[in-house]
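First the structure, in the form of structure tokens, and then the observations on it.
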Amino acid sequence: MATVSNTSTLDNLRYVWIETEPNNIEIQATDTKANSWKAESGGKHAVNASFFGNIMTAFHINNGVSVRNDGLLNYDDYDRKARPLAAMAYLKKVVNGSNFLFLDKQGKLPFTVIADVAQKDIQWAIGGYDLLLSNTQAESGYNSAFNANYPSYAHQANTSKRPRTAIGIKSNGNIVLAAIFENSITPTSNDGSQPVDDGTKGATIFQIKRLMKDFLLCNRALMIDGGGSTQVSYKPAGISAFRSIIVTTSGRVPLCRIVAK
């Protein structure tokens, strides 16, 4: 069962976080925004998945199968060089003492990166930008380290504020999903609230790192798609109706979502 909270205690941000056990995570295809997900996912919580344009550019694997294997999947050589994304995987078996696998670079599909791990051995996996939670530098030094790690990051001005989505692993093995917006956003019970300009409202990458490490207590985390892609469907404890937050001014329909039972 997932734990859900909607709060706003960090840097005037509103963030929705969902915590659950890794066996409760699914990566699913979708062709709708979060205000339709309650019915589609059977009443489960969900956030948008990772990077996409008209095609997928990050790992999205569920039960050993690449999600959106319908002509929208593309991990070509150029893209891997331009955006050397990291990847997080939860395995069906224990390898080197753990069911988790964290890759600095996601590599190619079918999954052949690690000896003794085939793609069929993956319960779920997703690609994204490593948030470098072990980095202890102040904001300027952290930004330099992030840019050095990802020199081709499309939004290298990572001091910009925009809605963000992240996934992390805690020391107890639980998974945390977080959708971060600007604090003036008030979710509604039936459809999305209305974040304004997604280029100026939200969080910096350093703020996401602080949130995932210091507030949500993750030890590894990935930043996944954000801006107009960030959206969440959730039901807090004590609330009868599902809520959703979408970026209505520039929101996009994601190709995949991460569902938490």
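Amide H contacts of Ser50: Asp225, each under 5 Å away and 5 or more positions distant or on a separate chain (H built 1.01 Å from N in the peptide plane; Pro and chain starts excluded). Compared with the direct C-alpha span, the chain from Lys120 to Asn96 gains 6.9 nm at full extension, assuming 0.36 nm per residue. Near Phe59, the amide H atoms lying under 5 Å from its own belong to Gly127; only residues 5 or more places off or on other chains count, and H is placed 1.01 Å from N. Full extension of the chain segment joining Asp31 with Val65 gains 10.4 nm, where the gain is 0.36 nm per residue of separation less the Cα-Cα distance.
Spin-label model, Asn135 to Ala237: label points 7 Å out along the Cα-to-beta-carbon direction sit 3.4 nm apart.
The numbers here are math on the coordinates, done by the rules we state, and not lab data. Here the structure is a predicted model, which means the values were calculated and not measured. Every residue, glycine among them, receives a Cβ derived from its backbone with ideal geometry; neighbour counts consider all protein chains shown.
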